[in-house]
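Everything on this sheet refers to the single structure shown next.
The values are calculated or read from the model by the stated rules, or taken from the named source; none is laboratory data. Source: prediction; values computed, not measured. Glycine also receives a Cβ, built like all others from the backbone with ideal geometry; neighbour counts cover every protein chain displayed. Areas reflect the complete protein model, heavy atoms only, side chains present, ligands, DNA and RNA absent. Shrake-Rupley method; radii C 1.70, N 1.55, O 1.52, S 1.80 Å.
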Amino acid sequence: MARTLIHLPRSVRKGEPFEVRVLIAHPMETGYRPGADGKVLPRDIIRRFQCRLNGEPVFGAELHPAIAANPYLSFWMTAADSGLVEFEWSGDHGFSQVERQNLQVT
């Protein structure tokens, strides 16, 4: 399981935009770089990130080999109701990780 850092306000005002920041520890190996033995290291990247609020998608991103290790994403969203925010990363070799945090709307 990869280490993640998620910055999500504990509470927000209804309909007011707020920033969400996420980072995941991952090598993002492109598949083009040679290793110490001279052989090309196999590709291992996170291919997709998705954020959902109460099961509804609010933000998504497709990532490619040119993204640096430990990808950091920042985006803005609004919420009308309190609920569960899910952050999902998926990638090569069956990699998948989901983190969840509660959001309170006042």
Of all accessible heavy-atom area on the chain, the percent that carbon and sulfur account for (1.4 Å): 50 percent
For region 9-21, 3J(HN,Hα) per residue [Karplus equation, 6.51 cos²θ - 1.76 cosθ + 1.60, θ = phi - 60°, Hz, x = Gly/Pro]: x, 5, 9, 9, 8, 4, x, 8, x, 9, 8, 10, 10
Sum of side-chain charges, GLY60 neighbourhood, beta-carbon under 11 Å (Lys, Arg +1; Asp, Glu -1): 0
Electrostatic dipole magnitude of the chain [Cβ: Lys, Arg +1; Asp, Glu -1; Cα centre; debye, to 20]: 140 debye
Derived scalar couplings ³J(HN,Hα) [region 88-98; Karplus, 6.51 cos²θ - 1.76 cosθ + 1.60; whole Hz; x for Gly, Pro]: 10, 10, 9, x, 5, 6, x, 5, 7, 9, 10
(1) 15, 49, 31, 5; (2) 14, 37, 28, 14, 7, 1; (3) 14, 43, 25, 12, 5, 1, with the label sought being that of the calculated P(r) over Cα pairs in 10 Å bins from 0, in percent: (3)
Region 4-57: chymotrypsin sites (Phe, Trp or Tyr not before Pro) falling in loop per DSSP and having at most 13 other Cβ within 10 Å: TYR32
Surface accessible to a 1.4 Å probe, per residue, for the residues of region 1-73, Å²: 65 Å²
